[in-house]
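Q: Next up is a structure, given as structure tokens.
Throughout, read-outs are computed from the coordinates displayed, never taken from laboratory work. Just so it is clear, the structure is predicted and the values come from calculations on it, not from any experiment. Please note: Cβ atoms are built from the backbone with ideal geometry, for glycine as well, and neighbour counts cover all protein chains shown.
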Amino acid sequence: MSNWILYEVSDHIATVTINRPEKKNAMSYQMLAEFIETMARASADEDARVVILTGIDGSFCAGTDLADLATIPGESRGLRGSAEERSKWWPIIACRKPTICAIDGPAVGMGAEFTSQCDIRIASTRARFAWNFAHRGLVPDTGAGSWLLPKLVGVSQAFWLLYSGEFISAREAHELKYVSAVFEPEELLEQARSMAKTIMQGSPFSHDRIKSLVYEGLGIDVSEHMEHHTKALAECFKSEDHKEGVASFLERRPASFSGR
């Protein structure tokens, strides 16, 4: 492993940091493999309750490193996995923990796609977003831009962003409700950690199932969703976290959830 993708856990908050400032955190093939592996690590880490994804040095991710991409001709370039290997395309959604994206600087191409995959997005005043795939003769490379983005900002606005490849500012992203809040750069990570601590007051057992229900629910009809919902609810009724949630309320004390 290189130092391009950093991982640390503190107070049950995992922070994944994209660390290639000389390239504005652009992703090479090796970096992408490490990123996918690191998100899987965060998902499996029992010490991590919430995951914050960010970039270093005033950049989030400038997208794919085109110099690295050009080393393999397009006609002979393989995909990173089959359509069924969703964790290779959507490693952030595949992470079973709540994810907060703290965007400080440009999020372009694949970088913008990664922001879409996060559950919650906050940005600094110097964040910018662009889905510029049409400028490179491509479609959104993880599939998030064509599937998730219309659901997040509306079909018409998503078409404009995808067709034009235009940059939007953090304020414009906030107006579109794409990001939840905008902060000064020096406040961003502390605000993300504050949000993570608020989330951690809830049950990890519930969070895991809520995340699955929301993302699965975007692509199925209500009958199938309710089958998943009733199964999840029955699992919750039998969980230690549900017993603790009720007991802590009746005993007027903070809950101490185990995730079981």
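Q: Give me the helices (runs of 4 or more DSSP H) completely within the range 86-170, filtered to those with at least 3 residues that are within 22 Å of MET39 (Cα to Cα), ordered by residue number. Give the derivation first.
A: On the way: elements: 86-89, 91-94, 110-117, 144-147, 149-153, 155-164.
Those helices (runs of 4 or more DSSP H) span 86-89, 91-94, 110-117, 144-147.
Q: Applying the selection to the range 37-54, what residues are more than 14 Å from GLY111 (Cβ to Cβ) and crowded, with 20+ Cβ neighbours inside 10 Å? Full working, then the answer.
A: The initial filter retains those residues of the range 37-54 that are more than 14 Å from GLY111 (Cβ to Cβ), namely 37-52.
Across the range 37-54, the qualifying residues are THR38, MET39, ALA42, ALA48, ARG49, VAL50, VAL51, ILE52.
Q: Please go through the range 98-120 and give me each residue that is crowded, with 23+ Cβ neighbours inside 10 Å, more than 8 Å from the chain's Cα centre (by Cα) and at negative phi, ordered by number.
A: Of everything in the range 98-120, those that are crowded, with 23+ Cβ neighbours inside 10 Å, more than 8 Å from the chain's Cα centre (by Cα) and at negative phi turn out to be ALA102, ILE103, ASP104, PRO106, ALA107, VAL108, MET110, GLY111, ALA112, GLU113.
Q: Let me ask something else about it. Given the structure, is GLY259 in contact with a His (Cβ under 9 Å, 6 or more places away or on another chain), small (Gly, Ala, Ser) and either surrounded by fewer than 16 Cβ atoms within 10 Å (Cβ to Cβ) or over 27 Å from LEU53 (Cα atoms) (or both)?
A: Details: in contact with a His (Cβ under 9 Å, 6 or more places away or on another chain): yes; small (Gly, Ala, Ser): yes; either surrounded by fewer than 16 Cβ atoms within 10 Å (Cβ to Cβ) or over 27 Å from LEU53 (Cα atoms) (or both): yes.
Here the answer is yes, as GLY259 does meet what is asked.
Q: Follow-up. Name the single residue, out of those in the range 1-24 being touching a Leu at 6+ places or on another chain (Cβ under 8 Å) and of a type outside the set (A, V, I, L, M), that is surrounded by the most Cβ atoms within 10 Å (Cβ to Cβ).
A: Residue satisfying both the conditions and the ranking: THR15.
Q: Any residue in the range 139-157 that's without any contact (Cβ under 8 Å) to a residue 60 or more places away in the chain: show its pairings with residues that are of a type in the set (Lys, Arg) and surrounded by fewer than 20 Cβ atoms within 10 Å (Cβ to Cβ) at Cβ separation under 8 Å, as long as the two are six or more apart or on different chains.
A: Going by the 8 Å Cβ cut-off, the qualifying pairs are LEU152/LYS177; VAL153/LYS177.
Q: Just for the range 7-52: of the residues that are farther than 17 Å from LYS88 by Cα and among the acidic types (Asp, Glu), which one is farthest from the chain's Cα centre (by Cα)?
A: Among those residues, the one meeting the criterion is GLU22.
Q: Considering each residue of the range 191-221, count those that are touching a Lys or Arg at 6+ places or on another chain (Cβ under 7 Å) and surrounded by fewer than 14 Cβ atoms within 10 Å (Cβ to Cβ), and give that number.
A: 1
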